[in-house]
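Colleague: Structure below; questions to follow.
The values are calculated or read from the model by the stated rules, or taken from the named source; none is laboratory data. These numbers were taken from a predicted model, which means no experiment stands behind them. Positions of Cβ are backbone-derived with ideal geometry, glycine not excepted, and every protein chain shown enters the neighbour counts. Please note that ligands, DNA and RNA were not included when accessible areas were found on the heavy atoms of the full protein model with its side chains. Shrake-Rupley method; radii C 1.70, N 1.55, O 1.52, S 1.80 Å.
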Amino acid sequence: MATSVPPATDQAPLLGTARPVNSRRRYLLISGLLLLFAIIAIIFGGGSGQTWQNLTAFPGHPLVVLIDPLNAQRVYVGTEQGQVLTSLDGGQTWASQQRGLPAGAAISALLMTPADAQLFAGTSAGVFVSTDNGQTWTSMSQGLPNDTVDALTIDSSNGTTILLAGTTVHGVYRSTNMGQTWAADAKGLPDRADIYTLTTAPLGKQIYAGLIGGGIAVSADGGLTWQADSTGIPHGADVFTLLITPDRQGNPAHYYAGTSVGLFVSADGMNWIAGGTGLGQTRILALISDPLSTQLLYAGTDNGVFESGDSGATWRVVAHGLTASTHVGALAISRPTQATVGFNTAINVLYAGSDQLFRFPSTGFAQTVGVLRIGGIVVLFGLLFFLTFRQNTIMRSLLPAREIPGGYQPPSVRRAAREAARAHIRGGPPPIATIFPEAGGAMEVNTRRGPVSAIFTPVMGTLHAVVMIGEGRQPQDGPMGAFRQLAEDLQQAGVLSLRLAMRDPTSLVNSVADVMGALDVLQRHGIKQACLVGWGFGATVAINAALEREVVRGVVAIALPANDTEGIDELSPCALLVLHGSEDIVTPLPAARDRFNAAGEPKELVVFPGDGHALEGHRVEIVEKIVDWYQTTCAEDMSVTRRGAQSTPDHPAPADEERSS
């Protein structure tokens, strides 16, 4: 007698309804559930048996992670926002520790002294120290330049403790009194050396420095003298991280360098070869080793975290939980804690800093993954044995299901939309090299915070540059297109120019960082003197950026705002030129004059009668004034211009003169 097949519906039958369930369906249901359990157990318990946990409670963008060597539950993280966050429970909860730290100063390096557990922080505002586990901080920057401290290390090999600080433009500074004073007595490093990482070799015999665009330098006398030590590493490579692992006697055994062109290894610290099978084409941004096994290494890259169990010869991705494009610029590992799982005798805890902070293994899962994996394997073999003897019954029960249309549709895989990792502050790695087009035109300036769109007007062999920052819908054109004409006139005067478009024109902090990044790139390309020209909000950005970079000799503020320019009184001796319209309704002339009067010398205010915020009636005069002012007030050695032509600019007007044009 033929049996009828119930019509297919969008809703599966409810459990407990009066539908007969024969033994074949019961076997099929049990088999499916067992198979599902086995797959889940083996996948999530496979490999290393754990997964990454996104520490969503962490408030900030992590740049550096430090674990207390005496307490693995105490974790310190420095952030781009200028905080040192502390966790006492392995990353589950966090407390902000920034009393004494300057607001907004990115924390890019952390160091704990082994003798007295003092905690040092390298920031974009110098070095700070805490003696109470990061609760309060004291400035230790006497003698340091106005520069970001990206790296810290300590050397006690000769009986005297020496602290070393690596800066982004001024090389290495040394302190022999635990940071109370610093001296620029290091010799042998390149000019404007950008020190991104410092590490002291086991037993403290040598100190190694990784440079942006400069390879590796080594010192054998506590950082006094340095010499290049990069044989085998491509010229101009950025060195982001250095790791030196010891042998059983504590002597240096293996040297590792993470660079912009991959991993390099050395047996003597002098001769390097490319290594790292399995890492692929990616930048190596962080390297650490297991505290108990120096053969077990971890690497933070642009493509997540990798591990090696054979001293760096081969690599594989660490577990699940990070996407393939996760940029990891900071790594830290704790000493192992005892576990209770079968053959697992100890478990390390790994922290990875990306746009967010991650922990591996995830909390609570470490004690169960071993059981899951073993249970999954047992269930899988048992299920295979069961299916072998029930093959005919199971297959017959499957056939009717083929006649039913529709069925289960697996969910589509969601692709995570990640914004590209921002580039330093450490929070991101240093940028890839910026290539200036010989013919000029549109380009991207690769800063530590990411690429910034720009229009480049070139001059071969010049030492002078002008960076322009506008506002509105076409910030690179300036008021009434004045920036375009200014770039052409500056080119004839032997000055190259960059017209920037900020990545986030609504944020003063991010815009100032973009300009600072562009100035750093220009310095690396040989620029000695620069001037910032800003219009409206761009003038605010220019004034604040000039306070942070010594290469800036002058600021031109077109339509000077009254807001967020409190630092104008600290601008001197940087020269200031203010160009303002008498009918500006965005910033009325009296308010602009008040801000101008707060500035120190040299300064000049030019008022254009009848003009508004865009100075629409005096574009030609604006351009001529800026070029003349730059040549006579800001730039040194402008007598030789492009193609060797002699330039004899007029003498500038008195710096405190106010006149109308």
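Colleague: Every residue in the stretch 261-316 that is β-branched (Val, Ile, Thr) and within 23 Å of the chain's Cα centre (by Cα), please.
Modeller: If the condition is that a residue be β-branched (Val, Ile, Thr) and within 23 Å of the chain's Cα centre (by Cα), then Val261, Thr282, Ile284, Ile288, Thr301, Val305 are the ones that fit.
Colleague: When the residues of the stretch 238-248 are filtered to those that are more than 25 Å from the chain's Cα centre (by Cα) and not hydroxyl-bearing (Ser, Thr, Tyr), which remaining residue is farthest from Ala183 (Cα to Cα)? Steps first, answer last, please.
Modeller: As a first pass, look at the stretch 238-248 and keep what is more than 25 Å from the chain's Cα centre (by Cα): 245-248.
When the remaining residues are screened for being not hydroxyl-bearing (Ser, Thr, Tyr), the result is 246-248.
Details: Pro246: 31, Asp247: 34, Arg248: 36 Å.
The qualifying residue farthest from Ala183 (Cα to Cα) is Arg248.
Colleague: Quickly run through the stretch 621-643 and pick out the residues that are β-branched (Val, Ile, Thr), surrounded by fewer than 16 Cβ atoms within 10 Å (Cβ to Cβ) and modelled with pLDDT of 90 or more.
Modeller: So the first thing to find is which residues in the stretch 621-643 are β-branched (Val, Ile, Thr), and the list is 622-623, 626-627, 632-633, 640-641.
Next, from what is left, pick out any that are surrounded by fewer than 16 Cβ atoms within 10 Å (Cβ to Cβ): 632, 640.
Within the stretch 621-643, no residue meets the criteria.
Colleague: Applying the selection to the stretch 570-592, what residues are under 27 Å from His170 (Cα atoms) and either assigned to a helix (DSSP H, G or I) or of a type in the set (Val, Ile, Thr) (or both)? It would help to see each step written out before you state the result.
Modeller: Applying the first criterion (under 27 Å from His170 (Cα atoms)) to the stretch 570-592 yields 570-576.
Within the stretch 570-592, Glu570 is the sole residue that qualifies.
Colleague: For Tyr173, only one of the following conditions fails: (1) assigned to a loop (DSSP other than H, G, I, E, B); (2) without any contact (Cβ under 8 Å) to a residue 40 or more places away in the chain; (3) closer than 22 Å to Met516 by Cβ. What is its number?
Modeller: (1)
Colleague: Return the residues of the stretch 486-501 that are closer than 13 Å to Phe456 by Cβ, part of a helix (DSSP H, G or I), open to solvent by less than 10 Å² (accessible area, probe 1.4 Å) and in contact (Cβ under 8 Å) with a residue 60 or more places away in the chain; say none if nothing qualifies.
Modeller: Leu490
Colleague: Quick one: in the stretch 520-560, of everything that is over 19 Å from Pro458 (Cα atoms) and assigned to a strand (DSSP E or B), which residue is most open to solvent (accessible area, probe 1.4 Å)?
Modeller: Here the answer is Arg553.
Colleague: From the list Val586, Val578, which residue is closer than 24 Å to Ala493 by Cα and at pLDDT 80 or above? If you could, list the steps in order and put the result at the bottom.
Modeller: Values: Val586 fails: closer than 24 Å to Ala493 by Cα.
Result: Val578 is the single residue among Val586, Val578 that is closer than 24 Å to Ala493 by Cα and at pLDDT 80 or above.
Colleague: Further, regarding this structure: Regarding the stretch 184-192, can at least one residue be identified that is touching a strand residue (DSSP E or B) at 6+ places or on another chain (Cβ under 7 Å), within 26 Å of Thr131 (Cα to Cα) and surrounded by fewer than 16 Cβ atoms within 10 Å (Cβ to Cβ)? Before you say what the answer is, go through the steps one by one.
Modeller: Within the stretch 184-192, the first condition is being touching a strand residue (DSSP E or B) at 6+ places or on another chain (Cβ under 7 Å), and the residues that meet it are 184-189.
Right, trim to within 26 Å of Thr131 (Cα to Cα) and you get 184.
Right, trim to surrounded by fewer than 16 Cβ atoms within 10 Å (Cβ to Cβ) and you get 184.
Yes, the stretch 184-192 has at least one match.
Colleague: Okay, moving on. Kindly indicate whether any position in the stretch 243-261 is under 23 Å from Thr167 (Cα atoms) and among the charged types (D, E, K, R).
Modeller: Within the stretch 243-261 (the criterion being under 23 Å from Thr167 (Cα atoms) and among the charged types (D, E, K, R)), the answer is no, since none of the residues qualifies.
Colleague: A further question follows. Look at Gly567 and say whether it is in a helix (DSSP H, G or I), in contact (Cβ under 8 Å) with a residue 12 or more places away in the chain, open to solvent by 10 Å² or more (accessible area, probe 1.4 Å) and of a type in the set (Gly, Ala, Ser). Before the answer, list the steps.
Modeller: Values: in a helix (DSSP H, G or I): yes; in contact (Cβ under 8 Å) with a residue 12 or more places away in the chain: yes; open to solvent by 10 Å² or more (accessible area, probe 1.4 Å): yes; of a type in the set (Gly, Ala, Ser): yes.
Yes.
Colleague: Could I ask something else about it? Mind telling me which of the residues Gly104, Gly90, Gly78, Gly122 ends up being modelled with pLDDT under 90 and either more than 27 Å from Val172 (Cα to Cα) or assigned to a strand (DSSP E or B) (or both)?
Modeller: Gly90
Colleague: Could you tell me whether Leu589 is in contact (Cβ under 8 Å) with a residue 24 or more places away in the chain and either more than 22 Å from Ala487 (Cβ to Cβ) or in contact with a Lys or Arg (Cβ under 9 Å, 6 or more places away or on another chain) (or both)? Quick ask: steps written out before the conclusion?
Modeller: Values: in contact (Cβ under 8 Å) with a residue 24 or more places away in the chain: no; either more than 22 Å from Ala487 (Cβ to Cβ) or in contact with a Lys or Arg (Cβ under 9 Å, 6 or more places away or on another chain) (or both): yes.
When the stated conditions are applied, Leu589 does not pass them.
Colleague: Something else: Which of (1) free of Cβ contacts under 8 Å to residues at least 40 places away in the same chain; (2) farther than 22 Å from Leu571 by Cα; (3) in a helix (DSSP H, G or I) is the odd one out, the single condition Glu438 does not satisfy?
Modeller: Here Glu438 meets the rest and fails (3).
Colleague: Let me ask something else. So Asn146 ticks every box in (1) buried (at least 18 other Cβ atoms within 10 Å of the Cβ); (2) assigned to a loop (DSSP other than H, G, I, E, B) but one. Which box is left unticked?
Modeller: (1)
Colleague: Go through the stretch 193-237 and give me each residue that's touching a residue at least 60 places away in the same chain (Cβ under 8 Å) and more than 20 Å from the chain's Cα centre (by Cα).
Modeller: Taking the stretch 193-237 as the starting set, the residues that turn out to be touching a residue at least 60 places away in the same chain (Cβ under 8 Å) are 194, 196, 201, 206, 208, 212-213, 222-223, 236.
Correct list: Ala201, Gln206, Tyr208, Gly222, Gly223.
Colleague: Checking Thr56 against (1) in a loop (DSSP other than H, G, I, E, B); (2) within 20 Å of the chain's Cα centre (by Cα); (3) without any contact (Cβ under 8 Å) to a residue 60 or more places away in the chain, only one condition comes out false. Which one?
Modeller: Here Thr56 meets the rest and fails (3).
Colleague: Taking the stated definitions as given, is Gly517 at pLDDT below 90, of a type outside the set (Asp, Glu) and surrounded by 24 or more Cβ atoms within 10 Å (Cβ to Cβ)? Explain how you work it out, then say what you get.
Modeller: Numbers: at pLDDT below 90: yes; of a type outside the set (Asp, Glu): yes; surrounded by 24 or more Cβ atoms within 10 Å (Cβ to Cβ): yes.
So Gly517 fits the description; yes.
Colleague: With the checklist (1) closer than 25 Å to Ala237 by Cα; (2) assigned to a loop (DSSP other than H, G, I, E, B) in hand, flag the one item Thr199 doesn't pass.
Modeller: Every condition holds for Thr199 apart from (2).
Colleague: Looking at Leu66, Leu101, Leu88, can you tell me which residue is over 24 Å from Leu508 (Cα atoms) and in contact (Cβ under 8 Å) with a residue 24 or more places away in the chain?
Modeller: Numbers: Leu101 fails: over 24 Å from Leu508 (Cα atoms); Leu88 fails: in contact (Cβ under 8 Å) with a residue 24 or more places away in the chain.
Leu66 is the lone residue from the list that is over 24 Å from Leu508 (Cα atoms) and in contact (Cβ under 8 Å) with a residue 24 or more places away in the chain.
Colleague: Further, regarding this structure: Just the residues that are at pLDDT 85 or above and open to solvent by 10 Å² or more (accessible area, probe 1.4 Å), please, taken from the stretch 449-469. Before you say what the answer is, go through the steps one by one.
Modeller: First, the residues of the stretch 449-469 that are at pLDDT 85 or above: 452-469.
If the condition is that a residue be at pLDDT 85 or above and open to solvent by 10 Å² or more (accessible area, probe 1.4 Å), then Ser453, Ile455, Phe456, Thr457, Pro458, Val459, Met460, Gly461, Thr462, Leu463, His464 are the ones that fit.
Colleague: Let me ask something else. When you check Asp504 against the structure, is it among the acidic types (Asp, Glu), within 25 Å of Asp628 (Cβ to Cβ) and not in a strand (DSSP E or B), yes or no? Steps first, please.
Modeller: Values: among the acidic types (Asp, Glu): yes; within 25 Å of Asp628 (Cβ to Cβ): no; not in a strand (DSSP E or B): yes.
It is false that Asp504 is among the acidic types (Asp, Glu), within 25 Å of Asp628 (Cβ to Cβ) and not in a strand (DSSP E or B).
Colleague: I've got another one for you. Looking at the structure I just gave you, is Leu189 over 30 Å from Ala95 (Cα atoms) and of a type in the set (A, V, I, L, M)?
Modeller: So Leu189 fits the description; yes.
Here's the yes/no breakdown for (1) closer than 23 Å to Phe128 by Cα; (2) of a type in the set (A, V, I, L, M); (3) out of contact with any helix residue (DSSP H, G or I) (no Cβ under 8 Å at 6 or more places or on another chain):
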position: Ile195; (1), (2), (3): yes, yes, yes
position: Thr200; (1), (2), (3): yes, no, yes
position: Ala228; (1), (2), (3): no, yes, yes
position: Leu243; (1), (2), (3): no, yes, yes
position: Pro246; (1), (2), (3): no, no, no
position: Pro252; (1), (2), (3): no, no, no
position: Ala267; (1), (2), (3): no, yes, yes
position: Ala274; (1), (2), (3): no, yes, yes
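Colleague: For the stretch 252-260, check the following and say yes or no: at least one residue is without any contact (Cβ under 8 Å) to a residue 12 or more places away in the chain and either surrounded by fewer than 21 Cβ atoms within 10 Å (Cβ to Cβ) or within 23 Å of the chain's Cα centre (by Cα) (or both). Break it down stepwise before answering.
Modeller: Residues of the stretch 252-260 without any contact (Cβ under 8 Å) to a residue 12 or more places away in the chain: none.
No: the stretch 252-260 contains no residue that is without any contact (Cβ under 8 Å) to a residue 12 or more places away in the chain and either surrounded by fewer than 21 Cβ atoms within 10 Å (Cβ to Cβ) or within 23 Å of the chain's Cα centre (by Cα) (or both).
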